[in-house]
Amino acid sequence: MAELRGDLEQIVGGTHVLTDPDVVAGYVTDWTGNWHGHTAAVVRPANTDEVSRVLARCHRAGVAVVPQGGNTGLVGGSVPLHGEVVLSTARLNRIEEVDALGCTLAAGAGVRVADAQRAAAGHGLALGVDLASRESATLGGIVATNAGGIAFVKHGNTRAQVLGLEAVLADGRVLTRWAALPKDNIGYDLPGLLTGSEGTLAVITRVLLRLVFPAQATATVLVGVDDAGAALSLRDAILEAGLTLEAAELMTDDGLDLVCAEKDLRYPFDDRAAYTVLLEVSGPDDPEGSLVEVLARCAGVVDGTVEKGHAERLWHYRESHTESAASSSVTPVLKLDISVPVREIGGFLAELPELLRADHPGIRPLNFGHFADGNIHVNLLDVPPEQREEVTDAVFRLVAQYQGSISAEHGIGRAKNPWIGLGRSPVDLAMMAAIRHAFDPAGILNPHVLRFD
Ligand code: FAD
Ligand code: MLT
Ligand code: ZN
(Lines give C-alpha, C1' and ligand atoms only; values in the text may rest on other atoms or scores of the structure.)
(Ligands and ions follow the chains in the order given, each with its own letter.)
Protein backbone atom coordinates (compact mmCIF):
# COMPACT_ATOMS: atom_id res chain seq x y z
CA MET A 1 0.00 0.00 0.00
CA ALA A 2 2.91 2.38 0.68
CA GLU A 3 4.09 1.96 -2.91
CA LEU A 4 0.57 2.58 -4.22
CA ARG A 5 0.25 5.70 -2.07
CA GLY A 6 3.59 6.94 -3.40
CA ASP A 7 2.44 6.43 -6.98
CA LEU A 8 -0.89 8.17 -6.28
CA GLU A 9 1.02 11.14 -4.82
CA GLN A 10 3.06 11.25 -8.03
CA ILE A 11 -0.18 11.55 -10.01
CA VAL A 12 -2.24 14.05 -7.97
CA GLY A 13 0.40 15.66 -5.76
CA GLY A 14 1.20 14.88 -2.15
CA THR A 15 -1.34 17.28 -0.67
CA HIS A 16 -4.14 15.50 -2.48
CA VAL A 17 -3.56 12.04 -1.04
CA LEU A 18 -5.10 12.17 2.44
CA THR A 19 -4.44 9.50 5.06
CA ASP A 20 -4.58 11.28 8.45
CA PRO A 21 -7.56 9.75 10.32
CA ASP A 22 -8.78 13.17 11.51
CA VAL A 23 -8.60 14.55 7.99
CA VAL A 24 -10.36 11.61 6.34
CA ALA A 25 -13.05 11.27 9.03
CA GLY A 26 -15.63 13.16 6.97
CA TYR A 27 -14.98 10.92 3.98
CA VAL A 28 -15.53 7.60 5.79
CA THR A 29 -18.88 8.30 7.49
CA ASP A 30 -22.05 8.84 5.49
CA TRP A 31 -24.56 11.67 5.94
CA THR A 32 -26.98 9.57 8.01
CA GLY A 33 -24.20 8.48 10.40
CA ASN A 34 -25.24 4.87 9.96
CA TRP A 35 -22.35 3.84 7.75
CA HIS A 36 -18.76 4.39 8.87
CA GLY A 37 -15.63 2.62 7.74
CA HIS A 38 -11.99 3.25 6.96
CA THR A 39 -9.94 4.02 3.90
CA ALA A 40 -6.40 3.37 2.65
CA ALA A 41 -6.37 6.92 1.31
CA VAL A 42 -8.58 9.68 -0.01
CA VAL A 43 -7.33 10.77 -3.44
CA ARG A 44 -8.36 14.10 -4.98
CA PRO A 45 -7.57 14.22 -8.72
CA ALA A 46 -7.83 17.54 -10.56
CA ASN A 47 -9.05 16.39 -13.98
CA THR A 48 -10.08 13.46 -16.15
CA ASP A 49 -6.48 12.57 -16.97
CA GLU A 50 -5.53 12.31 -13.30
CA VAL A 51 -8.66 10.24 -12.59
CA SER A 52 -7.65 7.95 -15.45
CA ARG A 53 -4.12 7.47 -14.08
CA VAL A 54 -5.37 6.97 -10.50
CA LEU A 55 -7.84 4.30 -11.60
CA ALA A 56 -5.32 2.57 -13.86
CA ARG A 57 -2.89 2.38 -10.94
CA CYS A 58 -5.53 1.07 -8.50
CA HIS A 59 -6.72 -1.38 -11.15
CA ARG A 60 -3.15 -2.69 -11.56
CA ALA A 61 -2.94 -3.18 -7.80
CA GLY A 62 -6.43 -4.73 -7.60
CA VAL A 63 -7.42 -2.08 -5.03
CA ALA A 64 -11.11 -1.18 -4.69
CA VAL A 65 -12.21 2.44 -5.21
CA VAL A 66 -15.27 4.31 -3.91
CA PRO A 67 -16.11 7.43 -5.96
CA GLN A 68 -17.33 10.24 -3.71
CA GLY A 69 -18.93 13.59 -4.51
CA GLY A 70 -20.66 15.58 -1.76
CA ASN A 71 -21.24 12.50 0.45
CA THR A 72 -24.91 13.37 0.89
CA GLY A 73 -26.09 10.00 -0.41
CA LEU A 74 -28.62 8.29 1.87
CA VAL A 75 -28.08 4.58 1.12
CA GLY A 76 -24.49 4.02 2.25
CA GLY A 77 -23.07 4.07 -1.28
CA SER A 78 -20.47 6.81 -0.97
CA VAL A 79 -18.23 5.64 1.88
CA PRO A 80 -15.51 2.97 2.17
CA LEU A 81 -16.34 0.29 4.74
CA HIS A 82 -13.48 -2.08 3.97
CA GLY A 83 -10.46 0.13 3.39
CA GLU A 84 -11.30 1.06 -0.20
CA VAL A 85 -9.55 4.07 -1.70
CA VAL A 86 -11.89 7.08 -1.83
CA LEU A 87 -11.69 8.93 -5.12
CA SER A 88 -13.06 12.38 -4.30
CA THR A 89 -14.35 14.53 -7.17
CA ALA A 90 -14.05 17.69 -5.07
CA ARG A 91 -11.38 19.19 -7.37
CA LEU A 92 -13.35 18.46 -10.57
CA ASN A 93 -15.18 21.67 -9.75
CA ARG A 94 -14.92 23.82 -12.85
CA ILE A 95 -18.00 25.15 -14.62
CA GLU A 96 -16.81 24.98 -18.22
CA GLU A 97 -19.63 26.62 -20.16
CA VAL A 98 -23.25 27.72 -20.01
CA ASP A 99 -24.54 27.74 -23.60
CA ALA A 100 -27.54 30.07 -23.34
CA LEU A 101 -28.58 29.45 -26.95
CA GLY A 102 -28.24 25.69 -26.82
CA CYS A 103 -29.57 25.64 -23.22
CA THR A 104 -26.76 23.40 -21.95
CA LEU A 105 -24.31 23.38 -19.03
CA ALA A 106 -20.89 21.74 -19.24
CA ALA A 107 -19.20 21.20 -15.89
CA GLY A 108 -16.91 19.05 -13.80
CA ALA A 109 -18.54 16.26 -11.80
CA GLY A 110 -17.47 17.86 -8.53
CA VAL A 111 -19.43 21.07 -9.13
CA ARG A 112 -22.04 21.55 -6.41
CA VAL A 113 -25.65 21.55 -7.57
CA ALA A 114 -26.22 25.01 -6.08
CA ASP A 115 -23.22 26.44 -7.94
CA ALA A 116 -24.51 25.00 -11.20
CA GLN A 117 -27.96 26.47 -10.42
CA ARG A 118 -26.39 29.89 -9.83
CA ALA A 119 -24.38 29.67 -13.08
CA ALA A 120 -27.52 28.78 -15.05
CA ALA A 121 -29.54 31.55 -13.36
CA GLY A 122 -26.87 34.01 -14.49
CA HIS A 123 -28.05 33.27 -18.02
CA GLY A 124 -31.78 33.28 -17.19
CA LEU A 125 -31.89 29.48 -17.20
CA ALA A 126 -32.22 26.75 -14.58
CA LEU A 127 -31.15 23.19 -13.85
CA GLY A 128 -33.99 20.69 -14.25
CA VAL A 129 -33.06 19.07 -10.91
CA ASP A 130 -33.40 20.62 -7.45
CA LEU A 131 -33.03 19.02 -4.02
CA ALA A 132 -32.53 20.16 -0.45
CA SER A 133 -28.92 18.94 -0.43
CA ARG A 134 -28.06 21.36 -3.26
CA GLU A 135 -25.27 23.15 -1.38
CA SER A 136 -23.33 19.89 -0.89
CA ALA A 137 -24.51 17.39 -3.50
CA THR A 138 -22.48 17.37 -6.72
CA LEU A 139 -23.42 17.06 -10.39
CA GLY A 140 -21.55 13.76 -10.57
CA GLY A 141 -23.47 12.55 -7.53
CA ILE A 142 -26.91 13.43 -8.85
CA VAL A 143 -26.01 11.71 -12.10
CA ALA A 144 -24.59 8.65 -10.35
CA THR A 145 -27.72 8.28 -8.21
CA ASN A 146 -30.15 9.51 -10.90
CA ALA A 147 -31.49 11.89 -8.28
CA GLY A 148 -35.15 12.87 -8.41
CA GLY A 149 -35.92 15.78 -6.13
CA ILE A 150 -38.35 18.65 -6.00
CA ALA A 151 -38.55 19.51 -9.70
CA PHE A 152 -39.13 15.92 -10.84
CA VAL A 153 -42.86 16.61 -11.21
CA LYS A 154 -42.09 19.12 -13.97
CA HIS A 155 -38.70 18.12 -15.45
CA GLY A 156 -38.23 14.43 -14.58
CA ASN A 157 -35.17 12.86 -12.93
CA THR A 158 -31.50 13.56 -13.56
CA ARG A 159 -31.33 11.07 -16.42
CA ALA A 160 -33.78 13.31 -18.31
CA GLN A 161 -31.29 16.19 -18.02
CA VAL A 162 -28.15 14.31 -19.17
CA LEU A 163 -27.02 15.09 -22.73
CA GLY A 164 -23.49 13.74 -22.40
CA LEU A 165 -20.85 12.49 -19.97
CA GLU A 166 -17.14 11.99 -19.69
CA ALA A 167 -16.22 9.11 -17.42
CA VAL A 168 -13.26 6.89 -16.58
CA LEU A 169 -13.62 3.12 -16.56
CA ALA A 170 -12.12 0.89 -13.87
CA ASP A 171 -9.02 0.20 -15.99
CA GLY A 172 -8.40 3.89 -16.66
CA ARG A 173 -9.86 4.12 -20.16
CA VAL A 174 -11.77 7.36 -20.78
CA LEU A 175 -15.29 7.11 -22.20
CA THR A 176 -16.55 10.36 -23.70
CA ARG A 177 -20.07 10.72 -25.10
CA TRP A 178 -20.42 14.47 -25.46
CA ALA A 179 -22.86 15.73 -28.04
CA ALA A 180 -24.58 19.03 -27.35
CA LEU A 181 -27.22 17.97 -29.84
CA PRO A 182 -30.91 17.68 -29.13
CA LYS A 183 -30.82 14.50 -31.21
CA ASP A 184 -27.92 12.04 -31.38
CA ASN A 185 -29.10 8.49 -31.83
CA ILE A 186 -25.97 6.40 -32.46
CA GLY A 187 -25.92 3.11 -30.55
CA TYR A 188 -26.65 2.38 -26.91
CA ASP A 189 -27.44 5.17 -24.47
CA LEU A 190 -24.23 4.88 -22.42
CA PRO A 191 -24.77 8.19 -20.58
CA GLY A 192 -28.21 6.93 -19.61
CA LEU A 193 -26.67 3.67 -18.40
CA LEU A 194 -24.02 5.42 -16.31
CA THR A 195 -26.75 7.59 -14.81
CA GLY A 196 -27.92 5.77 -11.70
CA SER A 197 -24.92 3.40 -11.67
CA GLU A 198 -23.90 4.56 -8.19
CA GLY A 199 -20.16 4.51 -8.85
CA THR A 200 -20.14 0.87 -9.99
CA LEU A 201 -19.58 1.26 -13.75
CA ALA A 202 -17.28 4.28 -14.05
CA VAL A 203 -16.17 7.50 -12.37
CA ILE A 204 -18.02 10.39 -13.99
CA THR A 205 -15.62 13.31 -14.42
CA ARG A 206 -17.57 15.79 -16.57
CA VAL A 207 -21.28 16.28 -17.27
CA LEU A 208 -23.23 17.93 -20.07
CA LEU A 209 -26.73 18.77 -18.90
CA ARG A 210 -29.71 20.38 -20.59
CA LEU A 211 -30.97 23.60 -18.96
CA VAL A 212 -34.58 24.71 -18.76
CA PHE A 213 -36.38 28.04 -18.75
CA PRO A 214 -37.60 28.84 -15.22
CA ALA A 215 -41.24 29.85 -14.76
CA GLN A 216 -41.63 33.64 -14.87
CA ALA A 217 -44.24 33.83 -12.10
CA THR A 218 -45.08 31.28 -9.45
CA ALA A 219 -47.09 31.07 -6.26
CA THR A 220 -46.62 28.73 -3.31
CA VAL A 221 -49.24 27.31 -0.96
CA LEU A 222 -48.87 25.36 2.26
CA VAL A 223 -52.25 23.82 2.91
CA GLY A 224 -53.66 21.31 5.40
CA VAL A 225 -55.83 18.60 3.87
CA ASP A 226 -57.92 15.81 5.36
CA ASP A 227 -56.16 12.92 3.61
CA ALA A 228 -53.96 11.88 0.69
CA GLY A 229 -57.02 11.71 -1.55
CA ALA A 230 -57.69 15.40 -0.97
CA ALA A 231 -54.05 16.14 -1.83
CA LEU A 232 -54.41 14.34 -5.15
CA SER A 233 -57.74 16.06 -5.89
CA LEU A 234 -56.06 19.41 -5.24
CA ARG A 235 -53.28 18.45 -7.64
CA ASP A 236 -55.86 17.58 -10.33
CA ALA A 237 -57.83 20.80 -9.76
CA ILE A 238 -54.65 22.84 -10.20
CA LEU A 239 -53.84 21.11 -13.50
CA GLU A 240 -57.45 21.41 -14.71
CA ALA A 241 -57.27 25.14 -13.99
CA GLY A 242 -54.47 25.36 -16.55
CA LEU A 243 -51.76 25.95 -13.94
CA THR A 244 -48.41 24.12 -14.07
CA LEU A 245 -47.10 22.18 -11.08
CA GLU A 246 -43.53 23.27 -10.27
CA ALA A 247 -43.47 21.13 -7.09
CA ALA A 248 -45.86 18.94 -5.08
CA GLU A 249 -44.71 17.85 -1.61
CA LEU A 250 -46.59 16.02 1.16
CA MET A 251 -45.99 16.19 4.91
CA THR A 252 -47.90 14.94 7.95
CA ASP A 253 -49.10 16.65 11.11
CA ASP A 254 -46.44 14.78 13.14
CA GLY A 255 -43.77 15.89 10.71
CA LEU A 256 -44.75 19.54 10.98
CA ASP A 257 -44.77 19.26 14.77
CA LEU A 258 -41.28 17.72 14.70
CA VAL A 259 -39.91 20.41 12.36
CA CYS A 260 -41.49 23.19 14.46
CA ALA A 261 -39.92 21.73 17.60
CA GLU A 262 -36.47 21.17 16.05
CA LYS A 263 -36.36 24.47 14.12
CA ASP A 264 -38.27 26.60 16.64
CA LEU A 265 -41.02 27.46 14.15
CA ARG A 266 -44.67 28.33 14.72
CA TYR A 267 -47.15 25.72 13.45
CA PRO A 268 -48.23 27.23 10.10
CA PHE A 269 -51.98 27.04 10.61
CA ASP A 270 -54.67 27.64 13.18
CA ASP A 271 -56.67 24.55 12.15
CA ARG A 272 -54.63 21.33 12.10
CA ALA A 273 -55.01 18.62 9.45
CA ALA A 274 -53.68 15.08 9.11
CA TYR A 275 -51.68 15.98 6.03
CA THR A 276 -50.13 19.15 4.68
CA VAL A 277 -49.16 19.70 1.08
CA LEU A 278 -46.76 22.27 -0.27
CA LEU A 279 -47.52 23.15 -3.87
CA GLU A 280 -45.69 25.60 -6.09
CA VAL A 281 -47.48 26.47 -9.29
CA SER A 282 -46.86 28.66 -12.32
CA GLY A 283 -49.30 30.04 -14.83
CA PRO A 284 -49.69 32.52 -17.67
CA ASP A 285 -50.97 35.29 -15.36
CA ASP A 286 -51.55 35.82 -11.62
CA PRO A 287 -50.86 32.24 -10.45
CA GLU A 288 -51.47 33.39 -6.87
CA GLY A 289 -55.03 34.53 -7.63
CA SER A 290 -55.75 31.39 -9.65
CA LEU A 291 -54.42 29.23 -6.83
CA VAL A 292 -56.65 30.92 -4.24
CA GLU A 293 -59.66 30.29 -6.50
CA VAL A 294 -58.78 26.61 -6.87
CA LEU A 295 -58.33 26.20 -3.11
CA ALA A 296 -61.68 27.86 -2.44
CA ARG A 297 -63.55 25.24 -4.42
CA CYS A 298 -61.62 22.12 -3.38
CA ALA A 299 -63.10 19.67 -0.86
CA GLY A 300 -60.93 18.41 1.98
CA VAL A 301 -58.95 21.65 2.31
CA VAL A 302 -58.71 22.58 6.02
CA ASP A 303 -56.51 25.64 6.26
CA GLY A 304 -53.71 27.13 4.20
CA THR A 305 -51.44 30.03 3.42
CA VAL A 306 -50.57 31.29 -0.07
CA GLU A 307 -47.56 33.43 -0.96
CA LYS A 308 -46.19 34.87 -4.20
CA GLY A 309 -43.16 33.23 -5.80
CA HIS A 310 -40.91 30.50 -4.40
CA ALA A 311 -41.86 31.27 -0.79
CA GLU A 312 -38.74 30.34 1.20
CA ARG A 313 -40.70 30.63 4.49
CA LEU A 314 -43.13 27.94 3.40
CA TRP A 315 -40.48 25.76 1.77
CA HIS A 316 -38.50 25.84 5.01
CA TYR A 317 -41.18 23.64 6.65
CA ARG A 318 -40.65 20.96 3.98
CA GLU A 319 -36.91 21.22 3.49
CA SER A 320 -36.24 21.00 7.23
CA HIS A 321 -37.64 17.48 7.46
CA THR A 322 -34.42 15.59 6.72
CA GLU A 323 -32.30 17.53 9.21
CA SER A 324 -35.05 17.58 11.85
CA ALA A 325 -35.45 13.81 11.64
CA ALA A 326 -31.69 13.37 12.05
CA SER A 327 -31.45 15.72 15.04
CA SER A 328 -34.51 14.27 16.80
CA SER A 329 -33.82 10.55 16.42
CA VAL A 330 -31.75 8.82 19.13
CA THR A 331 -30.40 6.39 16.51
CA PRO A 332 -29.42 7.00 12.87
CA VAL A 333 -32.67 7.55 10.96
CA LEU A 334 -33.75 4.50 8.98
CA LYS A 335 -34.45 6.16 5.63
CA LEU A 336 -36.65 4.13 3.30
CA ASP A 337 -37.19 6.14 0.14
CA ILE A 338 -39.98 4.29 -1.68
CA SER A 339 -42.64 4.83 -4.30
CA VAL A 340 -46.11 3.38 -4.82
CA PRO A 341 -48.64 3.97 -7.60
CA VAL A 342 -50.07 7.45 -6.95
CA ARG A 343 -53.55 6.00 -6.44
CA GLU A 344 -52.18 3.80 -3.60
CA ILE A 345 -50.54 6.57 -1.54
CA GLY A 346 -53.51 6.92 0.82
CA GLY A 347 -53.79 3.19 1.46
CA PHE A 348 -50.04 2.80 1.98
CA LEU A 349 -49.81 5.75 4.38
CA ALA A 350 -52.79 4.43 6.35
CA GLU A 351 -51.44 0.86 6.62
CA LEU A 352 -47.79 1.69 7.42
CA PRO A 353 -48.28 3.07 10.96
CA GLU A 354 -50.50 0.09 11.83
CA LEU A 355 -47.78 -2.26 10.63
CA LEU A 356 -45.14 -0.57 12.78
CA ARG A 357 -47.33 -0.01 15.85
CA ALA A 358 -48.07 -3.73 16.11
CA ASP A 359 -44.47 -4.94 16.36
CA HIS A 360 -42.35 -1.83 16.90
CA PRO A 361 -44.29 0.61 19.06
CA GLY A 362 -41.17 2.57 20.03
CA ILE A 363 -40.39 3.63 16.47
CA ARG A 364 -41.51 7.10 15.36
CA PRO A 365 -42.47 7.17 11.65
CA LEU A 366 -41.99 10.45 9.77
CA ASN A 367 -43.44 10.25 6.29
CA PHE A 368 -43.04 12.99 3.71
CA GLY A 369 -42.08 13.36 0.08
CA HIS A 370 -42.77 14.13 -3.50
CA PHE A 371 -46.33 12.80 -3.51
CA ALA A 372 -47.26 13.62 -7.12
CA ASP A 373 -44.47 11.17 -8.11
CA GLY A 374 -45.84 8.53 -5.72
CA ASN A 375 -42.56 9.00 -3.79
CA ILE A 376 -42.82 8.78 -0.01
CA HIS A 377 -39.76 9.15 2.21
CA VAL A 378 -40.43 6.76 5.07
CA ASN A 379 -38.11 8.03 7.78
CA LEU A 380 -38.14 5.86 10.90
CA LEU A 381 -36.76 7.42 14.06
CA ASP A 382 -35.45 5.73 17.22
CA VAL A 383 -35.03 2.36 15.50
CA PRO A 384 -32.84 0.08 17.66
CA PRO A 385 -29.86 -0.95 15.48
CA GLU A 386 -30.66 -4.63 15.89
CA GLN A 387 -34.17 -4.05 14.50
CA ARG A 388 -33.16 -2.18 11.32
CA GLU A 389 -33.17 -5.22 9.11
CA GLU A 390 -36.50 -6.68 10.22
CA VAL A 391 -38.19 -3.27 10.10
CA THR A 392 -36.80 -2.60 6.62
CA ASP A 393 -38.01 -6.01 5.52
CA ALA A 394 -41.53 -5.37 6.84
CA VAL A 395 -41.80 -1.97 5.15
CA PHE A 396 -40.38 -3.17 1.82
CA ARG A 397 -42.75 -6.15 1.76
CA LEU A 398 -45.64 -3.75 2.30
CA VAL A 399 -44.31 -1.63 -0.59
CA ALA A 400 -44.17 -4.74 -2.78
CA GLN A 401 -47.81 -5.54 -1.88
CA TYR A 402 -48.70 -2.10 -3.25
CA GLN A 403 -46.69 -2.83 -6.46
CA GLY A 404 -44.24 -0.12 -5.45
CA SER A 405 -40.47 0.34 -5.68
CA ILE A 406 -37.99 -0.03 -2.81
CA SER A 407 -36.02 2.88 -4.25
CA ALA A 408 -37.69 5.93 -5.79
CA GLU A 409 -34.69 8.25 -6.08
CA HIS A 410 -31.88 7.51 -3.59
CA GLY A 411 -30.58 4.34 -5.26
CA ILE A 412 -29.71 1.01 -3.63
CA GLY A 413 -26.24 1.65 -2.17
CA ARG A 414 -25.40 -0.87 0.55
CA ALA A 415 -28.61 -0.23 2.45
CA LYS A 416 -31.01 -1.98 0.11
CA ASN A 417 -28.90 -4.77 -1.43
CA PRO A 418 -30.75 -7.62 0.35
CA TRP A 419 -34.11 -6.47 -1.08
CA ILE A 420 -33.14 -5.74 -4.69
CA GLY A 421 -35.00 -8.88 -5.78
CA LEU A 422 -38.27 -7.30 -4.63
CA GLY A 423 -38.18 -5.02 -7.63
CA ARG A 424 -36.28 -6.92 -10.29
CA SER A 425 -36.63 -10.38 -11.89
CA PRO A 426 -33.77 -12.93 -11.95
CA VAL A 427 -33.25 -12.26 -15.68
CA ASP A 428 -33.14 -8.52 -15.03
CA LEU A 429 -30.61 -8.97 -12.22
CA ALA A 430 -28.50 -11.31 -14.37
CA MET A 431 -28.35 -8.77 -17.21
CA MET A 432 -27.37 -5.95 -14.84
CA ALA A 433 -24.67 -8.19 -13.35
CA ALA A 434 -23.42 -8.94 -16.91
CA ILE A 435 -23.27 -5.23 -17.73
CA ARG A 436 -21.39 -4.52 -14.52
CA HIS A 437 -18.91 -7.29 -15.36
CA ALA A 438 -18.44 -5.90 -18.86
CA PHE A 439 -17.56 -2.48 -17.48
CA ASP A 440 -15.52 -3.64 -14.48
CA PRO A 441 -14.47 -7.30 -14.79
CA ALA A 442 -11.96 -6.86 -11.93
CA GLY A 443 -14.79 -5.65 -9.67
CA ILE A 444 -12.86 -2.73 -8.15
CA LEU A 445 -15.52 0.01 -8.48
CA ASN A 446 -17.67 0.32 -5.37
CA PRO A 447 -17.73 -3.48 -5.01
CA HIS A 448 -20.13 -3.57 -2.02
CA VAL A 449 -22.74 -1.30 -3.57
CA LEU A 450 -25.68 -2.21 -5.83
CA ARG A 451 -25.11 -5.97 -5.66
CA PHE A 452 -27.06 -8.29 -7.98
CA ASP A 453 -26.05 -11.60 -6.44
P1 FAD B 1 -22.29 11.05 -2.89
O2 FAD B 1 -23.14 10.90 -1.69
O3 FAD B 1 -20.89 11.45 -2.72
O4 FAD B 1 -22.33 9.66 -3.73
C5 FAD B 1 -23.56 9.05 -3.99
C6 FAD B 1 -23.33 7.83 -4.88
O7 FAD B 1 -22.86 8.25 -6.16
C8 FAD B 1 -22.26 6.86 -4.36
O9 FAD B 1 -22.58 5.55 -4.74
C10 FAD B 1 -21.00 7.32 -5.06
O11 FAD B 1 -20.06 6.27 -5.20
C12 FAD B 1 -21.54 7.77 -6.40
N13 FAD B 1 -20.81 8.88 -7.02
C14 FAD B 1 -20.70 10.15 -6.55
N15 FAD B 1 -20.02 10.91 -7.42
C16 FAD B 1 -19.70 10.10 -8.49
C17 FAD B 1 -19.01 10.28 -9.72
N18 FAD B 1 -18.49 11.47 -10.06
N19 FAD B 1 -18.87 9.22 -10.56
C20 FAD B 1 -19.40 8.00 -10.22
N21 FAD B 1 -20.06 7.76 -9.07
C22 FAD B 1 -20.21 8.81 -8.22
N23 FAD B 1 -31.79 12.69 -3.24
C24 FAD B 1 -32.80 12.75 -4.17
O25 FAD B 1 -32.78 12.01 -5.16
N26 FAD B 1 -33.84 13.63 -4.03
C27 FAD B 1 -33.94 14.48 -2.98
O28 FAD B 1 -34.91 15.23 -2.87
C29 FAD B 1 -32.89 14.47 -2.01
N30 FAD B 1 -32.93 15.31 -0.95
C31 FAD B 1 -31.93 15.25 -0.01
C32 FAD B 1 -31.96 16.13 1.07
C33 FAD B 1 -30.94 16.09 2.02
C34 FAD B 1 -30.97 17.09 3.15
C35 FAD B 1 -29.89 15.16 1.91
C36 FAD B 1 -28.78 15.10 2.92
C37 FAD B 1 -29.85 14.28 0.83
C38 FAD B 1 -30.86 14.32 -0.12
N39 FAD B 1 -30.84 13.47 -1.24
C40 FAD B 1 -31.84 13.52 -2.18
C41 FAD B 1 -29.78 12.45 -1.38
C42 FAD B 1 -28.48 12.93 -2.07
O43 FAD B 1 -28.34 14.33 -1.97
C44 FAD B 1 -28.47 12.51 -3.52
O45 FAD B 1 -28.41 11.11 -3.60
C46 FAD B 1 -27.30 13.11 -4.32
O47 FAD B 1 -27.46 12.73 -5.68
C48 FAD B 1 -25.93 12.65 -3.84
O49 FAD B 1 -24.95 13.49 -4.44
P50 FAD B 1 -23.49 13.53 -3.80
O51 FAD B 1 -22.62 14.36 -4.68
O52 FAD B 1 -23.56 13.87 -2.37
O53 FAD B 1 -23.01 12.00 -3.97
C1 MLT C 1 -35.89 14.75 0.57
O2 MLT C 1 -36.67 14.71 -0.38
O3 MLT C 1 -35.84 15.66 1.42
C4 MLT C 1 -34.99 13.55 0.76
O5 MLT C 1 -34.86 12.84 -0.46
C6 MLT C 1 -35.64 12.64 1.72
C7 MLT C 1 -35.00 12.16 2.92
O8 MLT C 1 -34.18 12.87 3.51
O9 MLT C 1 -35.36 11.06 3.35
ZN1 ZN D 1 -36.55 13.33 -1.91
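The values are calculated or read from the model by the stated rules, or taken from the named source; none is laboratory data. Only a predicted model underlies this, so the values are computations on that prediction, with no experimental measurement involved. Note: ideal-geometry Cβ built from the backbone for every residue, glycine included; neighbour counts use all protein chains shown. Ligands, DNA and RNA are stripped out before the accessible areas are found, and what is left, the full protein with its side chains, is counted by its heavy atoms. Shrake-Rupley method; radii C 1.70, N 1.55, O 1.52, S 1.80 Å.
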Item to check | Acute angle (nearest 10 degrees) that the helix 2-12 long axis makes with the longest principal axis of the chain, alpha-carbon atoms | outcome: 70 degrees
Item to check | DSSP bridge orientation in the stretch 2-88 - percent antiparallel, rounded to nearest 5 | outcome: 30 percent
Item to check | Charged-residue dipole, Cβ positions (Lys, Arg, Asp, Glu), the chain about Cα centre, Debye nearest 20 | outcome: 1380 debye
Checklist entry - Can you give the FRET efficiency for Glu262 and Ala100, using 1/(1 + (r/R0)^6), R0 = 30 Å, r = Cβ-Cβ distance, to the nearest 0.05? => result 0.15
Checklist entry - Residue-wise, which Karplus ³J(HN,Hα) couplings in Hz belong to the stretch 270-276, taking 6.51 cos²θ - 1.76 cosθ + 1.60, θ = phi - 60°, and x for glycine or proline? => result 7, 9, 6, 9, 4, 10, 10
Checklist entry - Using modelled amide H (1.01 Å from N, peptide plane; none on Pro or chain starts), what sits under 5 Å from the amide H of Ser407, excluding residues fewer than 5 places away? => result Ser339
Checklist entry - Counting only protein heavy atoms and using a 1.4 Å probe, what share of the accessible area of the stretch 218-319 belongs to carbon plus sulfur, as a whole percent? => result 45 percent
Next on the checklist: Apply the Karplus curve 6.51 cos²θ - 1.76 cosθ + 1.60, θ = phi - 60°, to the phi angles in the stretch 147-164 and return the couplings in whole Hz, x for Gly and Pro.
Outcome noted: 4, x, x, 5, 8, 3, 4, 10, 10, x, 8, 5, 4, 6, 9, 7, 9, x
Checklist entry - When the Cα centres of the stretch 300-367 and the stretch 133-195 are compared, how far apart do they sit, in Å? => result 29 Å
Item to check | Stretchable slack from Leu355 to His310, in nm (0.36 nm times residue separation minus alpha-carbon distance) | outcome: 12.5 nm
Checklist entry - Given H placed 1.01 Å from N in the peptide plane, which residues other than close sequence neighbours of Glu96 have an amide H under 5 Å from its amide H? => result Ala106, Ala107, Gly108
Checklist entry - Going from most exposed to least, what order do Trp31, Trp419 have by accessible area with a 1.4 Å probe? => result Trp31, Trp419
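From Cα pairs below 8 angstrom and at least 6 apart in sequence, can you work out the relative contact order of the chain, rounded to a whole percent?
Normalised by residue count, the contact order of the chain is 15 percent.
Could you tell me what percent of the DSSP beta bridges with both partners in the chain are antiparallel, to the nearest 5?
About 90 percent, rounded to the nearest 5.
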Checklist entry - Between the DSSP loop rule and a limit of at most 14 other Cβ atoms within 10 Å, which trypsin sites (Lys or Arg not before Pro) in the stretch 240-331 are left? => result Arg266, Arg272
Checklist entry - What is the Cα centroid distance between the stretch 371-410 and the stretch 248-280, reported in whole angstrom? => result 21 Å
Next on the checklist: I need the calculated FRET efficiency for the pair Ala217 and Arg60, taking r as the beta carbon distance and R₀ as 45 Å, to the nearest 0.05.
Outcome noted: 0.20
Checklist entry - Which angle from 0 to 90°, rounded to the nearest 10, does the C-alpha axis of helix 287-297 make with the longest principal axis of the chain? => result 50 degrees
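Could you give the length gained on full extension between Asp236 and Asp303, defined as 0.36 nm per residue of separation minus the Cα-Cα distance, in nm?
Extra length from Asp236 to Asp303 when fully extended: 22.3 nm.
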Checklist outcome for this item: In nm, the gap between the two label points placed 7 Å beyond Cα toward Cβ at Arg5 and Thr19 is 0.1 nm
Next on the checklist: Tell me the accessible surface of His82 in square angstrom (1.4 angstrom probe, heavy atoms of protein chains only), to the nearest ten.
Outcome noted: 120 Å²
Checklist entry - Ignoring ligands and nucleic acids, what accessible area does Arg206 show with a 1.4 Å probe (Å², nearest 10)? => result 50 Å²
Checklist outcome for this item: Interchain or sequence-distant (5+) residues whose placed amide H lies within less than 5 Å of the amide H of Leu336 are Val378, Asn379, Leu380
Next on the checklist: Students sometimes get this wrong: rank Tyr275, Tyr317 by accessible area, probe 1.4 Å, all chains present, largest first.
Outcome noted: Tyr275, Tyr317
Checklist entry - D for the chain, whole µm²/s, Stokes-Einstein with Kirkwood Rh over alpha-carbon pairs at 25 °C and 0.890 mPa s: what number? => result 107 µm²/s
Next on the checklist: As I understand it, the value is the acute angle between the Cα axis of helix 253-263 and the longest principal axis of the Cα atoms of the chain; what does it come to in degrees, rounded to 10?
Outcome noted: 60 degrees
